[in-house]
């Protein structure tokens, strides 16, 4: 299994990261998100994801019928690793990380850089 990381940055005053490409050239979507290493600081918020088949049109990620979200409610989540369910990302070549939900975004008080561990599981 190949495992490596990509960075996702949520700008200060924003709730949505840049696009994280889960593939390789000529092989999009070959990898899945495995875990996220949280930054030292995190404004209290749950994490949700937006996914895309083309890198342009993003939609909220649902898994098993529910919005896929992770508890990253600050304090205890800062400076720690959070495992995610890789199968939730099956087939999606692009992902963005959101602070809060699309309908209830939580703006981060400063720039937040998250390490997104991905692999071909």
How many residues does region 65-91 contain that are in a loop (DSSP other than H, G, I, E, B), modelled with pLDDT of 90 or more and under 12 Å from the mean Cα position of the chain (by Cα)? 3
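Rundown of residues vs (1) out of contact with any strand residue (DSSP E or B) (no Cβ under 9 Å at 6 or more places or on another chain); (2) closer than 22 Å to residue 7 by Cβ, yes/no style:
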position	(1), (2)
59	no, no
66	yes, no
72	no, yes
79	no, yes
89	no, yes
92	no, yes
97	no, yes
101	no, no
109	yes, yes
Among the candidates 116, 95, which residue alone is at pLDDT 95 or above, buried (at least 17 other Cβ atoms within 10 Å of the Cβ) and either in contact with a helix residue (DSSP H, G or I) (Cβ under 8 Å, 6 or more places away or on another chain) or in a loop (DSSP other than H, G, I, E, B) (or both)? 95
Could you tell me whether residue 52 is over 14 Å from the mean Cα position of the chain (by Cα) and modelled with pLDDT of 90 or more? no
Every residue in region 9-64 that is on the phi < 0 side of the Ramachandran plot, touching a helix residue (DSSP H, G or I) at 6+ places or on another chain (Cβ under 9 Å) and in a loop (DSSP other than H, G, I, E, B), please. 22, 31, 38, 42, 44, 61
Out of the residues in region 1-23 that are surrounded by 13 or more Cβ atoms within 10 Å (Cβ to Cβ) and more than 13 Å from the chain's Cα centre (by Cα), which is farthest from residue 114 (Cα to Cα)? 23
Hey, any hits in region 99-110 for a residue that's closer than 16 Å to residue 20 by Cβ and not in a strand (DSSP E or B)? no
Residue in region 65-78 that is farthest from residue 120 (Cα to Cα), counting only those that are out of contact with any helix residue (DSSP H, G or I) (no Cβ under 8 Å at 6 or more places or on another chain) and surrounded by fewer than 12 Cβ atoms within 10 Å (Cβ to Cβ): 75
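The values are calculated or read from the model by the stated rules, or taken from the named source; none is laboratory data. It should be emphasised that the depicted structure is a prediction, and the values quoted were computed from it without experimental measurement. In this analysis, Cβ positions are derived from the backbone assuming ideal geometry, glycine residues included, and neighbour counts consider all displayed protein chains.
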